[in-house]
Amino acid sequence: MFNIPFGPTYSEMLYPDTIPADVREKALRVKDTELDPLNLFNISWKDERGAVRKIVLPKELTGTEANIVVLLGKYFPSGSHKVGPAYATLIEGCVDGEILPGTHTILGPSTGNFGIGVAYICNLMGYRAVVIMPDNMSKERYDRIRKYGAELDLTPGTESDVILTLQRTYELKKNPLNRPLAQFELLPNYRFHRHVTGNSAIEAVKGLGNGRIACFTSAPGSAGTLAAGDQIKQAFPEAKIVALEPYECPTLATGGRGQHRIEGIGDKMCTLIHNILTTDFVALICDEDCVRGLKVIQDGAGVLEELGMPAEQVAKMHDLFGVSGICNILGAIKMADYLRLGPDDNVVTIATDGFDRYPSVMEDLERRNLETEDFVLRRWAKDIFLNKDTKHIFDYRSMVNKEQLFRQKEKDWLPFGYSQKYLDSMRNAEFWEDEYDKVKYYDQKIKEMR
Ligand SMILES: Cc1ncc(COP(=O)(O)O)c(C=O)c1O
């Protein structure tokens, strides 16, 4: 028997108030001491009082009557919710006896935030970590990974070249002492988001509008976050689950592949853990709109106030979002308009991280656009957020249309050694229910072993 590193169960991440009181109290006390291992117990969407961290966007910004509710990932330890799947994958590996402290090196294939999460978790739990990522992502990401003591193994390209990181991981996996936390393939990512994010989203709309969720939008990188939709659909069967993609890289929508500027999403594939059965729509969002939209939120306070937003609300939004968060918000607004949702309806979406890892992206925007004065921001605010654009929405509700996604998944994963039989089993809802059911098993085991 080896010593399993000490951390929370899935259920404790959803309900941190069920963590033994002394541990919870100590964990809250060390919140600002980033590298204290007790921070494992702060992996949650909830704040000190047990409320889900969220913002309901001002209607003067969204131009839609529906409530757009954004869950805030920046308050997770390490600055994004991707730390959750990183922890879940590592702890399941420990419970299964597959990953041994002091023996194995952890590999984290990523475009950034998952890599940051892996580096952070490995620091807290005492593992050597190697993060494999493209060499052209935002500078802030590499700085954080180094700060947490992980090594970097860089592959050429940007966001859309993530397949190269998978190929590199596949090579490194041949060393029996390496253990990949393969976010695109392994189901702890699904379990974390279905259980922890999905149920937190359901709690987040209590008392708001009709208290239900009409639509959930999430731009997949690994499609882990999208799994929250499976839980949302169980609670609210009418909910529409929408995967967002960059207009410049519409792989799920049309099989297209291109470079784009939305870090963390649009990875040119249908990931193995993507539950195609519950994806109702795929909608496309322009990458430059996301970068400009972020600029408006960060630097356009005066402009937003002119649009009628109270100064206090404008100030509240500052620093809460990254580029993909704006993509998710634009997708939420687009779908609210497309579905003709009203003031009783709630659309939930996610801000994976906050602004802290994007100043360099804003500097790049300023270099590319000679003018970013208020008159430009005013036009951007109107054109990007208030444009009522319902174009480029692809309906995947019928099984006939879903075939395209199943075929994409086969094209992406048969080459990595997954069998047709395994991929076919994912066409059955039971596959996903069985995988979700394992939450109980792992929770029990984590409690026994720690
Ligand atoms: C900034 C950012 N946004 C969105 C995502 C996508 O989340 P998921 O991998 O759960 O689909 C990621 C994933 O790394 C990310 O880093």
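The values are calculated or read from the model by the stated rules, or taken from the named source; none is laboratory data. In this text the structure is predicted, and so the values were computed from the model without any measurement. Counting neighbours? That spans all protein chains shown, and the Cβs are built from the backbone with ideal geometry, glycine included.
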Strands (runs of 3 or more DSSP E) wholly inside region 52-130 that include at least 3 residues being hydrophobic (A, V, I, L, M, F, W, C) and at negative phi: 67-72
Residue in region 23-32 that is under 21 Å from ASN189 (Cβ atoms), of a type in the set (Gly, Ala, Ser) and not in a loop (DSSP other than H, G, I, E, B) present: no
Hits in region 202-258 (condition: more than 13 Å from the ligand (Cβ to nearest atom), within 21 Å of LEU57 (Cβ to Cβ), touching an Asp or Glu at 6+ places or on another chain (Cβ under 7 Å) and among the small types (Gly, Ala, Ser)): GLY209, ALA214
Verdict on LEU177 being touching a Pro at 6+ places or on another chain (Cβ under 9 Å) and either of a type in the set (A, V, I, L, M) or within 12 Å of the ligand (Cβ to nearest atom) (or both): no
Any chance GLY342 is surrounded by fewer than 22 Cβ atoms within 10 Å (Cβ to Cβ), within 25 Å of GLY211 (Cα to Cα) and touching a residue at least 60 places away in the same chain (Cβ under 8 Å): yes
Test set (1) exposed (fewer than 12 other Cβ atoms within 10 Å of the Cβ); (2) within 30 Å of ASP337 (Cα to Cα) - ASN428 fails condition number: (2)
Residue match in region 230-239 (condition: in contact with a helix residue (DSSP H, G or I) (Cβ under 9 Å, 6 or more places away or on another chain) and assigned to a loop (DSSP other than H, G, I, E, B)): yes
Filtered residue count, region 293-333, keeping only those that are in a loop (DSSP other than H, G, I, E, B), more than 16 Å from the ligand (Cβ to nearest atom) and in contact with a Ser or Thr (Cβ under 7 Å, 6 or more places away or on another chain): 0
Residue among ILE43, ILE68 that is surrounded by 21 or more Cβ atoms within 10 Å (Cβ to Cβ), β-branched (Val, Ile, Thr) and within 25 Å of TYR148 (Cα to Cα): ILE43
Counted residues, region 395-422 - those being of a type in the set (A, V, I, L, M, F, W, C) and surrounded by 18 or more Cβ atoms within 10 Å (Cβ to Cβ): 2
Where a residue in region 364-384 is in the same structural domain as ARG292 (by TED's automatic domain parsing) and over 21 Å from THR62 (Cβ atoms) and its partner, wherever it lies, is of a type in the set (Val, Ile, Thr) and assigned to a loop (DSSP other than H, G, I, E, B), with Cβ under 9 Å and at least six apart: LEU365/THR372; GLU366/THR372
Residues of region 85-123 satisfying the condition of being within 16 Å of the ligand (Cβ to nearest atom), more than 25 Å from GLU435 (Cβ to Cβ) and at pLDDT below 95: GLY112
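Quick grid of which residues meet (1) assigned by TED's automatic domain parsing to the domain that holds ASP345; (2) modelled with pLDDT of 95 or more; (3) under 24 Å from the mean Cα position of the chain (by Cα):
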{"site": "SER11", "(1), (2), (3)": "no, yes, yes"}
{"site": "ILE19", "(1), (2), (3)": "no, yes, no"}
{"site": "TRP45", "(1), (2), (3)": "no, yes, yes"}
{"site": "ILE68", "(1), (2), (3)": "yes, yes, yes"}
Helices (runs of 4 or more DSSP H) contained in region 137-196 and holding at least 3 residues closer than 12 Å to PRO109 by Cβ and not small (Gly, Ala, Ser): 162-172
Which numbered condition ALA336 fails, given (1) in a helix (DSSP H, G or I); (2) within 18 Å of GLU288 (Cβ to Cβ): (2)
Condition met for GLY126 (in contact (Cβ under 8 Å) with a residue 24 or more places away in the chain and either away from the ligand (no atom under 16 Å from the Cβ) or surrounded by fewer than 23 Cβ atoms within 10 Å (Cβ to Cβ) (or both)): yes
